[in-house]
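The values are calculated or read from the model by the stated rules, or taken from the named source; none is laboratory data. Predicted model, so just to flag it, every value in this text is computed and none were measured. Positions of Cβ are backbone-derived with ideal geometry, glycine not excepted, and every protein chain shown enters the neighbour counts.
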Amino acid sequence: MKKVVIADHHPVTRHGIRNLLPPEEFKITGEVSHGDQLLETLKKRKPCILILELNMPGIKGFRILKEIKKQFPKTKTVIFSSFPQKIYALHCIKAGASGYFHKTTSSRNFSSFIKKISDGKILIEKEEIDIENPKNQIAALTPCTLSARETEVLNFLLEGHRNKEIAQMLKINEKTVSTYKSRLMKKLNLDNLAALINHSDALPL
């Protein structure tokens, strides 16, 4: 039986995941509602699978995925998120995740995806990556128009942070944040931040 930790700040989502995973194959050994608890829980529980909402309090961008990969190389991280898949999925895989699924994924497919990942597959919903040669195949998937830093800035903007706050969190100049923000609007063909937030689940990539 494979051990699973669920990290999501929504109790209903955690409950739903528990009910979707076959109890004869997976055992939920821990639940996390804030990013500050994540690494300590992984240290204690040593799960085979981590199901993680990237948009969770206490999670600061993709660095957490690299840290999980470094500290817990045997744990397979599955991102199950409300963030737009076309923007975030490839960056997550490159940062160390084994799978990325948007929360609109059907319940019928969810357990099947988790089973495949637990068996060693690397999956983005509707895409399966060859683990023998993942880099070339990742590059051939949906083009990723945003850099990792641009995506981090986008993440903070969607969470409602101001330029000054983002600059402090990323330890960069506030003018640099403004530059990234302008690039995002241009690349995503949007006029303002309100349009970005309103269309965050259907960005034209």
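Per-residue answers, yes or no, for (1) modelled with pLDDT under 95; (2) β-branched (Val, Ile, Thr):
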site	(1), (2)
51	no, yes
54	yes, no
62	yes, no
69	yes, no
77	no, yes
82	yes, no
87	yes, yes
93	yes, yes
96	yes, no
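Hey, among the residues in region 162-185 that are within 16 Å of residue 60 (Cα to Cα) and of a type in the set (S, T, N, Q), which one's surrounded by the fewest Cβ atoms within 10 Å (Cβ to Cβ)?
Going through the qualifying residues, I end up with 168.
Under the condition of being more than 13 Å from residue 96 (Cβ to Cβ) and acidic (Asp, Glu), which residue from region 27-75 is surrounded by the most Cβ atoms within 10 Å (Cβ to Cβ)?
53
Where the second residue is in a helix (DSSP H, G or I) and at pLDDT 90 or above and the first is farther than 16 Å from residue 160 by Cα and outside the structural domain of residue 161 (by TED's automatic domain parsing) and lies in region 172-184, which pairs have Cβ atoms under 8 Å and are six or more apart or on separate chains?
Short answer, once both residue conditions are applied: none.
Okay, residues lined up against (1) farther than 23 Å from residue 81 by Cβ; (2) among the polar types (S, T, N, Q); (3) at pLDDT 80 or above:
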residue	(1), (2), (3)
147	no, yes, no
152	no, no, yes
161	no, no, yes
164	yes, no, yes
169	no, no, yes
188	no, no, no
193	no, no, no
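Among the numbered criteria (1) part of a helix (DSSP H, G or I); (2) out of contact with any Gly (no Cβ under 8 Å at 6 or more places or on another chain); (3) of a type in the set (D, E, K, R), which single criterion is violated by residue 74?
For residue 74, the exception is condition (1).
For region 27-69, how many residues meet the condition of being in contact (Cβ under 8 Å) with a residue 40 or more places away in the chain and out of contact with any Cys (no Cβ under 8 Å at 6 or more places or on another chain)?
Going through region 27-69 one residue at a time, the tally reaches 14.
Somewhere in region 16-26, is a residue in a loop (DSSP other than H, G, I, E, B), surrounded by 15 or more Cβ atoms within 10 Å (Cβ to Cβ) and touching a residue at least 60 places away in the same chain (Cβ under 8 Å)?
yes
Would you mind finding the one in 62, 72 that is among the aromatic types (Phe, Trp, Tyr) and more than 25 Å from residue 87 (Cα to Cα)?
72 is the lone residue from the list that is among the aromatic types (Phe, Trp, Tyr) and more than 25 Å from residue 87 (Cα to Cα).
Could you look through region 27-49, keep only residues that are among the acidic types (Asp, Glu) and not in a strand (DSSP E or B), and pick out the one that is modelled with the lowest pLDDT? Quick ask: steps written out before the conclusion?
Just the residues of region 27-49 that are among the acidic types (Asp, Glu), to begin with: 31, 36, 40.
From what's left, not in a strand (DSSP E or B): 36, 40.
Numbers: 36: 93, 40: 96.
Within region 27-49, the match that is modelled with the lowest pLDDT is 36.
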